[in-house]
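A quick write-up on the structure given underneath.
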Amino acid sequence: MDEMEMEQLFEQIPELLKSKRYAQLRELLSNLNPADIAEAAEDLLDEERITQEELPLLFRILPKELAADTFIEMNPDMQELLIRSFSDKELETMLDDMFLDDTVDIIEEMPANVVSRILRNVDSATRKNINQILQYPEDSAGSIMTIEYIELRKDMTVRDAFANIRAAGVDKETIYTCYVTDRKKLIGTVSVRELLLADYEDKIQDIMEENVISVYTTDDKEVVAQMFDKYDFTALPVVDKEDRLVGIVTVDDAIDVITEEATEDIEKMAAIIPSEHPYLRSGVLEIYKQRIPWLLLLMVSATFTGIIITKFESALAAQVALTAFIPMLMDTGGNSGSQASVTVIRGLSMGDIEFGDLVEVIWKEIRIAVLCGISLSVISFVKIMLVDRMLMHNDAITVPVAATVCLSLVITVMIAKCIGCTLPMFAKKLGFDPAVMASPLITTIVDALSLMVYMNFATMILKL
């Protein structure tokens, strides 16, 4: 839905709701996508064009299946508001129309009293399955899987398979890929396309794909999401340690994981503790707590830069012109390190780079650093001599000073790129998130090292 259509919707919904033209509003909403309805309701509530008391009424107007799909797309705050307004019968009806993995996702976001109410309004079998999934580690494949899939036996005919799909498929999250089991052990897969193209009397074991790619319940969910990208899956089977099929991960859940992990990496690379809530729904204190720890750490670590400057204070006093180039050296070093770290972090997260590639990565970054460093130093030398010395008539800037700056620039870029590429890889090897070793931390380290290089070159070349 484009912006103009969304704006028209914003105008119509409050008007129809307040004038109690519910049939017309139901017809309008019935033609919309659940995600668009959820977005519209969220924005209308934020802009106070509908009240919290009107939101449940708006939700009850929706057709039954559309209501469940829309509820899934809403943010946790709106979901909690609706759950508290539902009667037990309404809550039970909605939960019956939701897939198990979506119910689990909602439970994980709700406070304890709301969770208790949800669990009271599902049947014992569903409650058992929910509790089982909740027991898996938070970042595991088991935590994002659903148990709603089509299961076939190898001795079935295609006719039997279609009968099974028709009988059970209405309650399954996906029916395109069916899973063939023998005493619950996963032995093959068959797609609906293959079933449609086969004869009704063909046996499933004759047309199934036996080379099945699966994941274990304890596998990291980020690795699982990467497999969807690699193999172009729409669903991926999840097995236990005895290769028994226990669930599947669908592509929509994989996309959620990719989005979540990308957001988390961006926040860590910006020296922010990852947040569980969108920016506009996070309180000032919550955001403060996310940012202040890293700011304190980086501030303390940056004191090393001050110590180095103090140590070489006499050298700077003897050649004041050197001071003007400190920001340029530090910024260039930080930027160079950030380029290398972001590239390597991305490669690690995508599985393109492993720790075993360390030597190859360092060698490549050294060659890149040499080319970048020489290019920057040549341009910097020309700029210093033409602009700083000739145009600005600064006689304190001499060829030895320019040479000091340019040599320091080459070495700084080389050091920065080596640090930028190695720290994330060592972090990954030690079990930390490589995104932690990103721009702010690397910049702080490189700042100190670039100053040491600069001051030592100045001492040697200018005899300070």
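Here is a check on your reading of the model: is Cys406 over 32 Å from the mean Cα position of the chain (by Cα), under 23 Å from Glu365 (Cα atoms) and either assigned by TED's automatic domain parsing to the domain that holds Ile374 or among the small types (Gly, Ala, Ser) (or both)? Answer is yes for this residue.
Cβ-Cβ contacts under 6 Å between residues 6 or more apart (or on different chains), taken from a first residue in the range 286-303 that is outside the structural domain of Gly334 (by TED's automatic domain parsing) and in contact (Cβ under 8 Å) with a residue 40 or more places away in the chain to a second residue that is hydrophobic (A, V, I, L, M, F, W, C) and outside any helix (DSSP H, G or I), are listed as Trp294/Ala271. Screening the range 452-464 for residues that are of a type in the set (A, V, I, L, M, F, W, C) and either over 17 Å from Ile415 (Cβ atoms) or out of contact with any Phe, Trp or Tyr (no Cβ under 8 Å at 6 or more places or on another chain) (or both) and picking the one that is surrounded by the fewest Cβ atoms within 10 Å (Cβ to Cβ) gives Met460. Could you tell me whether Ala68 is surrounded by 15 or more Cβ atoms within 10 Å (Cβ to Cβ) and within 31 Å of the chain's Cα centre (by Cα)? Yes. Between Thr174, Thr157, Thr146, the distinction of being of a type outside the set (A, V, I, L, M, F, W, C) and at pLDDT 95 or above belongs to Thr157 only.
For Ile107, the conditions (1) of a type outside the set (Ser, Thr, Tyr); (2) assigned to a helix (DSSP H, G or I); (3) crowded, with 19+ Cβ neighbours inside 10 Å all hold with the exception of (3). Screening Glu48 with (1) at pLDDT 85 or above; (2) outside any helix (DSSP H, G or I) gives one miss only, at (1).
On the given criteria, is Asp243 in contact with a strand residue (DSSP E or B) (Cβ under 6 Å, 6 or more places away or on another chain) and modelled with pLDDT of 90 or more?
Values: in contact with a strand residue (DSSP E or B) (Cβ under 6 Å, 6 or more places away or on another chain): yes; modelled with pLDDT of 90 or more: yes.
When the stated conditions are applied, Asp243 passes them.
From the list Ile308, Ile272, exactly one residue is out of contact with any strand residue (DSSP E or B) (no Cβ under 6 Å at 6 or more places or on another chain), at pLDDT 75 or above and not polar (S, T, N, Q). Which is it? Only one candidate passes the filter, namely Ile308. Counting only residues that are surrounded by fewer than 20 Cβ atoms within 10 Å (Cβ to Cβ) and either at pLDDT 95 or above or farther than 22 Å from Lys428 by Cα (or both), the range 220-238 holds 4 of them.
When you look at Leu371, is it at pLDDT 90 or above, among the aliphatic types (A, V, I, L, M) and surrounded by fewer than 13 Cβ atoms within 10 Å (Cβ to Cβ), yes or no? When the stated conditions are applied, Leu371 passes them.
From (1) surrounded by fewer than 21 Cβ atoms within 10 Å (Cβ to Cβ); (2) modelled with pLDDT under 90; (3) assigned to a helix (DSSP H, G or I); (4) not basic (Lys, Arg), pick out the condition that doesn't hold for Ala435. Of the numbered conditions (1) surrounded by fewer than 21 Cβ atoms within 10 Å (Cβ to Cβ); (2) modelled with pLDDT under 90; (3) assigned to a helix (DSSP H, G or I); (4) not basic (Lys, Arg), the odd one out for Ala435 is (1).
A count restricted to the range 85-97 and to residues that are part of a loop (DSSP other than H, G, I, E, B) and either in contact with a His (Cβ under 8 Å, 6 or more places away or on another chain) or surrounded by 18 or more Cβ atoms within 10 Å (Cβ to Cβ) (or both) stands at 1. Is there any pair linking a residue in the range 173-189 that is farther than 12 Å from Val212 by Cβ to one that is among the aromatic types (Phe, Trp, Tyr), with Cβ under 6 Å and at least six apart or on different chains, and which? So the pair list comes out as Glu173/Phe99. Within the range 169-198, the set of residues being acidic (Asp, Glu) and in a strand (DSSP E or B) comprises just one member, Asp182.
I'm checking my understanding of the structure. Among residues of the range 19-31 that are in contact (Cβ under 8 Å) with a residue 12 or more places away in the chain and closer than 21 Å to Thr51 by Cβ, which one is nearest to the chain's Cα centre (by Cα)?
Here the residue is Leu29.
Residues that are touching a residue at least 12 places away in the same chain (Cβ under 8 Å), assigned to a loop (DSSP other than H, G, I, E, B) and surrounded by fewer than 16 Cβ atoms within 10 Å (Cβ to Cβ) within the range 376-416 comprise Asn394, Ala396, listed in sequence order.
Taking Leu82, is it in a helix (DSSP H, G or I), surrounded by fewer than 16 Cβ atoms within 10 Å (Cβ to Cβ) and not assigned by TED's automatic domain parsing to the domain that holds Thr174? No.
The values are calculated or read from the model by the stated rules, or taken from the named source; none is laboratory data. Predicted model, so just to flag it, every value in this text is computed and none were measured. All Cβ positions, even for glycine, are placed from backbone atoms using ideal geometry, and neighbour counts span all protein chains on display.
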